[in-house]
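Rule-based calculations on the coordinates, nothing more; no lab input. In this text the structure is predicted, and so the values were computed from the model without any measurement. Here the Cβ positions follow ideal geometry from the backbone for every residue, glycine too, while neighbour counts run over all protein chains shown.
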Amino acid sequence: MAVDQSPTISFSHELRRKAIHLTALLIPIGLWILPECAALPILGFLAGSCLIADLLRMSHSMAAHIFLRIFGPLLRDHEKGKRLTGSTYLLIGSFLCAWGFGTEIAILALLYLIFGDAVAALVGRLWGRVRIGKKTLEGSASCLFVCVGIALISRSVPLHAALVGALVATFVEWLPWPMDDNLTIPIIAGLVIKVLTL
């Protein structure tokens, strides 16, 4: 999800959200362990199930009430309305990335998202001083540092493609657009890596 540096969200709340965000590591781990013929249907099923749950929540007040009772404390304000949750965007983005670009590229792009986005949010909220729109220079720099580190230790794609992918992931995380970066980071970074490895 796009990082909101608004002071209305406390650092401890952001820390709890990002700790839960790290459970998304189950997606690249699953893509790495399972054969593609099994991983893609499972991921597609999970993405479809979350999408259906979100659509039900947005169209039926009882479903919305139950959903908010369970997950409300973990959601940002904009996720409680007529928008898909970050988790749904994450699963859709993961599925489209793996299906369109292959599991190796998807794993790398998802690692950029999971670690880069989390570090950017926490560093930006704790130490961010130089603002760039709604983000901070310190948060974006930390995102780049983490993503480049992941690129350097990755052996799944050529180094030049991994490094450019890290730059693209950081840029997409910084962009002040309304689209959820759980969707845009893996798809755009994955697409760039795919093009560079053709």
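Only four residue types carry charge here, +1 at the Cβ of Lys and Arg and -1 at the Cβ of Asp and Glu. Report the dipole size of segment 89-140 about the Cα centre in Debye, rounded to the nearest 20.
Values: 5 positive and 3 negative charges, 79 e Å.
Approximately 380 debye in magnitude.
Taking the Cα centre of segment 11-196 as origin, work out the dipole magnitude from +1 charges on Lys and Arg Cβ and -1 charges on Asp and Glu Cβ, in debye rounded to 20. Walk me through the intermediate numbers first.
Details: 16 positive and 11 negative charges, 111 e Å.
Roughly 540 debye, rounded to the nearest 20.
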Practice prompt. Set Lys and Arg Cβ to +1 and Asp and Glu Cβ to -1, take the dipole of segment 11-196 about its Cα centre, and tell me which of ILE33, PHE145, ILE105 lies farthest positive.
Written response: PHE145
Worksheet item: Per the Cauchy relation, a quarter of the hull surface: what is the mean projected area of the convex hull of the alpha carbons in segment 11-196, in nm²?
Response: 10.4 nm²
Item to complete: Counting other beta carbons within 10 Å of each Cβ, put GLU36, GLU104 in order, fewest first.
Response: GLU36, GLU104
Fill in: Residue order, fewest to most surrounding Cβ atoms within 10 angstrom, among TYR89, TYR112
TYR89, TYR112
Discussion item. Suppose R0 equals 25 Å. What FRET efficiency, 1/(1 + (r/R0)^6) with r the Cβ-Cβ distance, do ILE29 and ILE52 give to the nearest 0.05?
Written reply: 0.50
Practice prompt. Using the charge dipole of segment 76-198 (Lys, Arg: +1 at Cβ; Asp, Glu: -1 at Cβ; taken about the Cα centre), state which of SER94, VAL130, PRO186 has its Cα farthest towards the positive end.
Written response: VAL130
Discussion item. Whole-Hz ³J(HN,Hα) for each residue in segment 161-166, computed from phi via Karplus 6.51 cos²θ - 1.76 cosθ + 1.60 with θ = phi - 60°, x for glycine and proline: what do you get?
Written reply: 5, 5, 5, 5, x, 5
